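Peer 1: Have a look at the structure that comes next, please.
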Amino acid sequence: MKTVYHKADSRGHADHGWLNSYHTFSFANYQNPERTHFGVLRVLNDDTVTQGMGFGTHPHRDMEIISIPLEGDLEHKDSMGTTAVIRKGEIQVMSAGTGIMHSEYNKNKDVPVKFLQIWVFPREINLEPRYDQKSIKEGEKVNGFQQILSPNKNDDGVWIHQDAWFNIANFTKGNGKNYMLNKKGNGVYAFVLKGSAKVGDRILNERDGLGIWDTQSFNIEAIEDTEILLMEVPMELPSYLKP
């Protein structure tokens, strides 16, 4: 088993007033050559948007973009004609493909919105853009893994154009479980949303991250009531990104 540990306070940080963002991997003005990606996981941003503010219309292409609200509501509009609001307990996916324009706003006047913005390299480029969102509150599992994303249209959660599986791990103090990887050659990036747990041989606290690869499984044991996002992704970059 190989691992890479990212302590919460080692992340890049940008405070724009209306946006307070922590970057696990290189993003915008935070550039760290040792932290550009984990396999095909390219971006993991921990964002807080103040009341009535947001991201104006901007372009994306050839990226699978996932948003997971942690607190509050986020309004989305895009060039495909989609207008939607995503809330805590939901997950949103946008396949940028050949190109898409979108905006994201916190329309609430009284509370900020906190959400994770995650980018994953797709298997191939120039795909047709698409949008989807689903509730991940239903069927929530305690002391187990709840799948919220996969490569398969008929599986639980949303799907993306990549051999990736995301799970929310909810464990009460003292409980745990072994995570089995879905595909050979994949790794898992574990990101603690709240609480603390022993993941593999490492103790992780809130907002710590741990990348794990070259293994078929690893164990999670909660030190206190804990919620962890597990992002299983291919470790090999797609051919279009290779020199």
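Peer 1: If you wrap a convex hull around the Cα atoms of region 186-239, how much volume per residue is inside, in Å³?
Peer 2: In region 186-239, the Cα convex hull volume per residue is 68 Å³.
Peer 1: In debye, nearest 20: dipole of region 2-241 around its Cα centre with unit charges on the Cβ of K, R (+) and D, E (-)?
Peer 2: It comes to approximately 140 debye.
Peer 1: While we're looking at this one, here's another question. If you take the charge dipole of the chain about its Cα centre, with +1 on Lys and Arg Cβ and -1 on Asp and Glu Cβ, which of 81, 22, 121 is farthest toward its positive end?
Peer 2: Value computed over the given set: 121.
Peer 1: So, one more: Per residue, what accessible area does region 87-222 have, given a 1.4 Å probe and all protein chains present, in Å²?
Peer 2: I get 46 Å² per residue for region 87-222.
Peer 1: So, for region 11-69, what is the accessible surface per residue at a probe of 1.4 Å, expressed in square angstrom?
Peer 2: Roughly 42 Å² per residue, with all protein chains present.
Peer 1: OK, next. Going by average Cβ neighbours within 10 Å, how do the peptides 93-106, 123-136 rank, with the highest at the top?
Peer 2: Answer by packing, highest mean first, reads 93-106, 123-136.
Peer 1: Follow-up question, since we're still on this one. Work out how much length residue 156 to residue 202 would gain on full extension: take 0.36 nm times their residue separation and subtract the Cα-Cα distance, in nm to one decimal.
Peer 2: Working it through step by step, the gained length comes to 13.7 nm.
Peer 1: Could you give the distance between the Cα centres of region 142-169 and region 191-243, to the whole Å?
Peer 2: Cα centroid of region 142-169 versus Cα centroid of region 191-243: 15 Å apart.
Peer 1: Continuing with this model, one more query. Considering the zone a paramagnetic label at residue 124 would reach in this model (a point 7 Å from Cα along the Cα-to-Cβ line), which residues of region 208-243 have amide N under 15 Å from it?
Peer 2: In region 208-243, the label zone of residue 124 (backbone N under 15 Å from the point 7 Å along Cα→Cβ) covers 238-241.
Peer 1: Right, next: Probe radius 1.4 Å, ligands and nucleic acids ignored: give me the carbon and sulfur share of the accessible area of region 154-243 as a rounded percent.
Peer 2: Carbon and sulfur together cover 43 percent of it.
The values are calculated or read from the model by the stated rules, or taken from the named source; none is laboratory data. Small disclaimer: the values here were computed from a predicted structure and weren't measured. Virtual Cβ from ideal backbone geometry, glycine too; neighbours counted across all protein chains shown. Please note that ligands, DNA and RNA were not included when accessible areas were found on the heavy atoms of the full protein model with its side chains. Shrake-Rupley method; radii C 1.70, N 1.55, O 1.52, S 1.80 Å.
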